[in-house]
Amino acid sequence: MTSGSRRAAFAAIVAALLAAHGGAFGDESGAGPWDLGQLMRELSSVHTARARFTEKRYLKMLDRPIESSGTLAFEAPARLEKLTLLPKRELLRVEQDKVTLEIGAQPKRRTLSLSDHPQLRAFVESIRATLAGDQAALERFYQVDLSGSAERWRLKLQPSDMKTKSLVREIRITGRHSEIIGVEVDQADGDRSVMSMVPDDS
Amino acid sequence: MIRDRIAVALWLAVLAAAAFVIAGARFSTDLSAFLPKQPTAAQQLLVDELREGVVSKLILVSVAGAPPDTLAAASRSLAARLRADRRFVSVDNGDAAQLERDRAFVFEHRYLLSPAIDAAHFSAKSLRVALAESLELLGSPAGMMAKPLIPADPTGEVLRLIDGMAGAAAPATHEGIWVGPDAKEALLVLQTRAAGFDIDAQEEALAGLRAAFADVQRAPGMAALTLALTGPGVFAVQTRAAIKRDAARFSTLATIFIATLLLTVFRSPRVLLLGLVPVASGAAVGVAAVALHFGEVHGITLGFGATLIGESVDYAIYLFMQTDPRRGAAGTLARIWPTLRLGVATSICGFSAMLLSGFPGLAQLGLFSIAGIATAALVTRFVLPVLLPPDFAITGIEPVAARVRAAFARARVLLPVLGLAAIAAAAVWITRDQRWSDELASLSPVSIAQQQLDQRLRDALGAADVRHVVVARAASSDQALALAERVGAALDAAVGTEVISGYESPARILPSAATQMRRRDSLPETAALRTRIAEAARGTPFRAGTFEPFVEAVRQTRAGPLLERESFGGTKLGIRLDSLLVQRDHAWYAILPLSGVKDVANLKRALASLYDAQVVLLDTKAETDAIYGTYRREAVSLSLLGAVAIVVLLAAAMRSPRRALKVCIPLAASVLVTTGLLLALGQTLTMFHLVGMLLVVAVGSNYVLFFDRSLTDEWSDRTSLSLALANVTTVIGFGMLGFSSVPVLSAIGSTVGIGAALSLIFAAALAPRPRAV
């Protein structure tokens, strides 16, 4: 974790301690009951984050899951990069509205625009808006339901738009303070993927 | 007098006949009259494409003046309105939703369209490789998008096809809408239903576009938006409007000035109107002659023809001014007619060279001028004296006339200055590298700002490099497609090397029937395919039965019909196909635009085996410039021919080469100095300057002949005044046009304005020394 996100995590711990003693300090702002707004504020204080991921995709047409692993990098507010290293090198980069895909050994680069692919955009925003702590963007695409505590929270995202609904049934993001530790996607056709992440300090 | 009656009756009969012919004449505004009559096949195709091809129908639109989000919304709103407008065949603004039908079409017909399909493509071995790749794709970030396609298209034909059809680089987008590089303008590409040369229809389409934009502007936050348009049709409409506006404005002004001047001199509105009779009769007969001989009259002929016979206004002035009470109009005519006749013959000689032109437009102008001037002269000679009041004479002008003559007599002192001017002009002519502009663009009355806008929008839209195209000609559309496939095979070898970076082909959109049949025949039967896919899937995670949609799609293609031109319905692909596969005069042409051409020599080598009359590589810019260059060079040599004819004519008429030369020197000198002056003012000469020069010679020859013959007799005062008056009206009339913003009008105006003034000065300065009266 970079120093920025470390500071953020430290701040979060302090905040959590304060929240635990909330009664003693009265109704000081930011120290009320833990809610989505607070999680988002905490997440938005993170400017860069890196993690290693492993992902398993369960597809109906396959009798066993596809596994892959690599690194994820986020740079506030709108840059997200997923670099798959195993089984093959592949790169997915999202910058603002532009998506770049590099697939294959002699990478063939494709670029497309998120706004041309609303479903893809909804999917990208589930992770990107969460990382950025952008509650408005998140709620534009999903009905958001937060449960758990700052120590172990879970965001349940259900698409609000019919087109996205035809693709994604539900996305569950789990985390600890300003850190995301897992993303599970249930697709409308019954396929699903499970991704888990650990902070990458290298 | 019976002779007068016959003259008037004949005149009226000719006018009636001319009116009858004109009433039934076809008028065209089609630029191709100014393109070659016997072009090469490639040039013909180019001309046709410029006239009515898809290129001629494109309108590029820029909407600016708001933040990117607003621009994108405005673009969507404008596009929605235009898509409902029947005047537009296609409206593109980048909106991907518009491509849904094309995607569905490509998906449905993938096994007829894909170049990868052959007998080996669906063997168990190939399928096994394809499944391994599919599995990789499913695991990749693109997996979610690719997943729905894989069971129906495990070999990835749809992706292959879409990659192949993508063509040139797409423009930048904002929220999926095309924008300029800095997102300061939203971009749209429209295609009109009407051909580019149909200016009325283009004007209507543009009006529809502006109305739609005005609607968009009414929405909140959109009022500040600005609209900029470019494209061949836009240029044509703007040009016509500008010429109409300037011609109307400047000729109204000139008419007011000239009419006031002439009215002051003639002191009779009736005489003023009679002065227009010869030129009006000449114009009518000129139009009728062109209509009879060419079958149609071009708009440019009308506009410039009327200008070219402007000389004939002078005939009436010569007659009116020189008529004095003692001899009457008829007597005066008898005296000045030989001079006038020679002047007319000189002009006709000059213009007749244009008749030989290989360009119908120039030949039309020549015929119009000859018929018009001859008619005007005859009307002046035989009809005007009858129409004038019997005792007509302009009186009280003697003092002014005497002063003018005295001034002319003193013009000789200007000789050293004029000599120096001629030397300077010759020096300018010799030292100037670029005297003539040989780019077609110089003919174009489109302003530099408009041309820059056009270039900027084309760059931003990544519009294909339409400069180099390969054209394949055949008897049927299918044969043209087959030929395009052979050209494509040859080009494939050149793509990716340093020769070209890519190409488009109609055969990629619609393969030839033979190719489609070969692909269809190579598809395996259902049972065999099922066995092969099961074999290929063995050992992979794919579950049994996953690829049933694929098996079904192959079965349907095997049983289904081949694709034809009509199969494409209203897809973008269909519109594109229509632009790349065109029928002209019983022949079909496949057009393959090339992009990133770096090595023309190697490109020609790559096409060598096909490169004949049926397949040609066309460099459109070189070709259009060549057409114009030929046009201009031909006009120059014809003008020189005309000049020689004039010298010969004068020598014969005057029975003395020396006198003829004396007449020619002032004309040549004024043309030389006018040219030098124009070049020194920074102009590059075009066709229109040349047309102006012809007129200078025509007008100037009258001056010189009058100086040569008439200033030596007792009538010289009145003759001098008539020359001065004729000259002032010409200089006013054309000088005004010189201020026009339309290059065509200003070129002719400035050339004739300067040239006519110089002609008179040179004629006076070089005139034979008058005898004492």
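Among the conditions (1) within 14 Å of another protein chain (Cβ to nearest Cβ); (2) out of contact with any helix residue (DSSP H, G or I) (no Cβ under 8 Å at 6 or more places or on another chain); (3) charged (D, E, K, R), B:Glu204 misses just one, which is (1).
Per this entry, B:Asp585 is not counted among residues that are acidic (Asp, Glu) and either touching a residue at least 60 places away in the same chain (Cβ under 8 Å) or over 21 Å from B:Ala472 (Cβ atoms) (or both).
The residues listed here are B:Ser126, B:Ser114; of these, the one that is away from chain A (no Cβ under 14 Å), open to solvent by 30 Å² or more (accessible area, probe 1.4 Å) and of a type in the set (S, T, N, Q) is B:Ser126.
Of the residues that make up region B:211-227, is at least one modelled with pLDDT under 85 and open to solvent by less than 20 Å² (accessible area, probe 1.4 Å)? The answer is no; no qualifying residue exists.
With region B:516-596 as the region, which helices (runs of 4 or more DSSP H) entirely inside it contain at least 1 residues that are in contact with an Asp or Glu (Cβ under 8 Å, 6 or more places away or on another chain)?
The qualifying helices (runs of 4 or more DSSP H) are B:548-559, B:572-580.
Looking at A:Arg79, A:Arg128, A:Arg169, A:Arg152, which is the one that is surrounded by fewer than 14 Cβ atoms within 10 Å (Cβ to Cβ), on the phi < 0 side of the Ramachandran plot and among the basic types (Lys, Arg)? Matching residue, one of A:Arg79, A:Arg128, A:Arg169, A:Arg152: A:Arg152. Taking into account only those residues within region B:138-166 that are open to solvent by 20 Å² or more (accessible area, probe 1.4 Å) and under 22 Å from A:Arg169 (Cα atoms), which is farthest from the other protein chains (Cβ to nearest Cβ)? Only one residue fits best here, namely B:Leu149.
Would you please name the residue that is farthest from A:Leu112 (Cα to Cα), looking only at residues in region B:171-190 that are open to solvent by less than 20 Å² (accessible area, probe 1.4 Å) and more than 14 Å from chain A (Cβ to nearest Cβ)? For region B:171-190, the residue satisfying everything is B:Leu190.
Which members of region A:57-69 meet the condition of being at the interface with another protein chain (Cβ under 10 Å from one of its Cβ atoms) and either exposed (fewer than 15 other Cβ atoms within 10 Å of the Cβ) or of a type outside the set (Val, Ile, Thr) (or both)?
A:Arg57, A:Leu59, A:Lys60, A:Met61, A:Leu62, A:Asp63, A:Arg64, A:Pro65, A:Glu67, A:Ser68, listed by residue number.
Restricted to region A:89-196, the set of helices (runs of 4 or more DSSP H) holding at least 3 residues that are in contact (Cβ under 8 Å) with a residue 60 or more places away in the chain comprises A:118-132. In region A:131-149, the residue that is farthest from the other protein chains (Cβ to nearest Cβ) out of those that are open to solvent by 20 Å² or more (accessible area, probe 1.4 Å) and under 15 Å from A:Gln38 (Cβ atoms) is A:Ser149. Screening B:Leu60 with (1) buried (at least 19 other Cβ atoms within 10 Å of the Cβ); (2) in contact (Cβ under 8 Å) with a residue 24 or more places away in the chain; (3) not in a strand (DSSP E or B) gives one miss only, at (3). For region B:516-559, which positions are more than 14 Å from B:Ile117 (Cα to Cα), more than 14 Å from chain A (Cβ to nearest Cβ), charged (D, E, K, R) and surrounded by fewer than 19 Cβ atoms within 10 Å (Cβ to Cβ)? Those that are more than 14 Å from B:Ile117 (Cα to Cα), more than 14 Å from chain A (Cβ to nearest Cβ), charged (D, E, K, R) and surrounded by fewer than 19 Cβ atoms within 10 Å (Cβ to Cβ): B:Glu525, B:Arg530, B:Glu535, B:Glu552, B:Arg555.
Filtered by the rule that a residue be in contact with a helix residue (DSSP H, G or I) (Cβ under 9 Å, 6 or more places away or on another chain) and either within 11 Å of another protein chain (Cβ to nearest Cβ) or open to solvent by 30 Å² or more (accessible area, probe 1.4 Å) (or both), region B:98-111 gives B:Gln98, B:Leu99, B:Arg101, B:Arg103, B:Phe107, B:Glu108, B:His109.
Selection of region B:674-703 for residues being assigned to a helix (DSSP H, G or I), more than 20 Å from B:Leu641 (Cα to Cα) and open to solvent by 10 Å² or more (accessible area, probe 1.4 Å) yields B:Leu677, B:Ala680.
For B:Glu296, the test of being open to solvent by 10 Å² or more (accessible area, probe 1.4 Å) and either of a type outside the set (Gly, Ala, Ser) or touching a Gly at 6+ places or on another chain (Cβ under 7 Å) (or both) is passed. Within region A:175-202, the residues that satisfy the criterion of being of a type in the set (Val, Ile, Thr), surrounded by fewer than 18 Cβ atoms within 10 Å (Cβ to Cβ) and away from chain B (no Cβ under 14 Å) are A:Ile181, A:Val198.
A single member of B:Arg335, B:Arg410 is out of contact with any strand residue (DSSP E or B) (no Cβ under 7 Å at 6 or more places or on another chain), more than 25 Å from B:Leu15 (Cβ to Cβ) and free of Cβ contacts under 8 Å to residues at least 24 places away in the same chain, and it is B:Arg410. Annotation: of all residues in region A:82-91 being closer than 14 Å to A:Arg50 by Cα and open to solvent by 20 Å² or more (accessible area, probe 1.4 Å), the one that is nearest to the other protein chains (Cβ to nearest Cβ) is A:Lys82.
Table: residues versus (1) in contact with a Gly (Cβ under 8 Å, 6 or more places away or on another chain); (2) free of Cβ contacts under 8 Å to residues at least 24 places away in the same chain; (3) more than 30 Å from B:Leu362 (Cβ to Cβ).
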| residue | (1), (2), (3) |
| --- | --- |
| B:Ile243 | yes, no, no |
| B:Arg249 | no, yes, no |
| B:Ala259 | no, yes, yes |
| B:Leu263 | no, yes, yes |
| B:Val271 | no, no, yes |
| B:Ser281 | no, no, no |
| B:Val287 | yes, no, no |
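The values are calculated or read from the model by the stated rules, or taken from the named source; none is laboratory data. Note that this is a predicted model, so its numbers are computed, not measured. Every residue, glycine as well, gets a Cβ built from its backbone with ideal geometry; the counts of neighbours run over all protein chains shown. Note: accessible area is taken over every heavy atom of the protein model, side chains too, but ligands, DNA and RNA are not part of it. Shrake-Rupley method; radii C 1.70, N 1.55, O 1.52, S 1.80 Å.
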